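The values are calculated or read from the model by the stated rules, or taken from the named source; none is laboratory data. All figures in this text were calculated on a predicted structure; none of them were measured in a lab. Methodologically, a virtual Cβ is constructed for each residue, glycine included, from the backbone with ideal geometry; neighbour enumeration extends over all protein chains shown. Side chains are part of the model used for accessible areas, which takes the heavy atoms of the whole protein and leaves out ligands, DNA and RNA. Shrake-Rupley method; radii C 1.70, N 1.55, O 1.52, S 1.80 Å.
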Amino acid sequence: TATQCGIPLFTTSIYKSAGNSMEGLDSFMSGAVCIGDLLKNKGYHLAFMQGSSVDFSGIRQLYHTHSFDEVYGRDSLLSRLKDTSYHNGWGLYDDSLFPLVLEKYKELSQTNRPFALYMATIDTHHPDGMTSSSCRDIPYGDGKNSILNAVHCSDRLISDFIRNIQNSKDGNRTIIVLTSDHIAMRNSVTNLLSSKGEVYRKDLFMLFDPREKEKRSI
């Protein structure tokens, strides 16, 4: 909700475990104007993909309410894998998701209309992360901390994905946005970071614009 609508949403519930229970709604903040609504008004085709369930916490309702044409999650993507047994408790590993998103990007690139393709990764989810099998040969350090391994893996997977887009035939007219949806929640490396003193944290927001030849901070 923060990344799409600029709204830091807080839900109230008498049950501590029900903070992500927005899936019970028929629509998700229909009165808000979100980036999907703005892009749709400009003629964009909108698609969203993630490896976990889009029914969790009302994700499907959020995107459909705010003008997205396609919303794909675990249930619709898992059947497209060669090995349908390769998944974790949340859903697809990121090294399965990235090729599917790249395939969708190439499909949308062949149309004659502007599009925005969103994806959400899951491998670095707290508390321990879930490292994709394609990264087992590149552990972080001694490989004993699972979330550091997952972050190290994501660094490679995301970098490879961005390069694949940039090197594609339509890369010179594609703007790539890399952003976090929230700062890291408590995980198996939090104590290590805290022991090194106060760590300044902020959300990541990076633009890869083929029209910009110089790197600059935002």
Check your understanding: Which condition number does Asn41 fail, the rest of (1) open to solvent by 50 Å² or more (accessible area, probe 1.4 Å); (2) at pLDDT 95 or above; (3) under 16 Å from Met119 (Cα atoms) being met?
Key -> (3)
Practice item. Taking the options Ser180, Ser217, Ser194, Ser188, name whichever one is modelled with pLDDT under 90 and in contact with a Pro (Cβ under 6 Å, 6 or more places away or on another chain). Key: Ser188
Check your understanding: All but one of (1) open to solvent by 60 Å² or more (accessible area, probe 1.4 Å); (2) in a loop (DSSP other than H, G, I, E, B); (3) in contact (Cβ under 8 Å) with a residue 40 or more places away in the chain hold for Lys106; which doesn't?
Key -> (2)
Revision key, fill the gap. Filter segment 53-82 for residues that are among the aliphatic types (A, V, I, L, M) and outside any loop (DSSP other than H, G, I, E, B); the one that is surrounded by the fewest Cβ atoms within 10 Å (Cβ to Cβ) is Leu78
Review point. Which of (1) under 25 Å from Ile175 (Cα atoms); (2) assigned to a helix (DSSP H, G or I); (3) open to solvent by less than 20 Å² (accessible area, probe 1.4 Å) is the odd one out, the single condition Asp95 does not satisfy?
Key: (3)
Study note, to complete from the structure: Only one of Ile183, Ile176 is open to solvent by 60 Å² or more (accessible area, probe 1.4 Å), hydrophobic (A, V, I, L, M, F, W, C) and without any contact (Cβ under 8 Å) to a residue 40 or more places away in the chain, namely Ile183
Check your understanding: Of the residues that sit in segment 120-133 and are under 24 Å from Phe48 (Cα atoms) and open to solvent by 50 Å² or more (accessible area, probe 1.4 Å), which one is modelled with the highest pLDDT?
Key -> Thr121
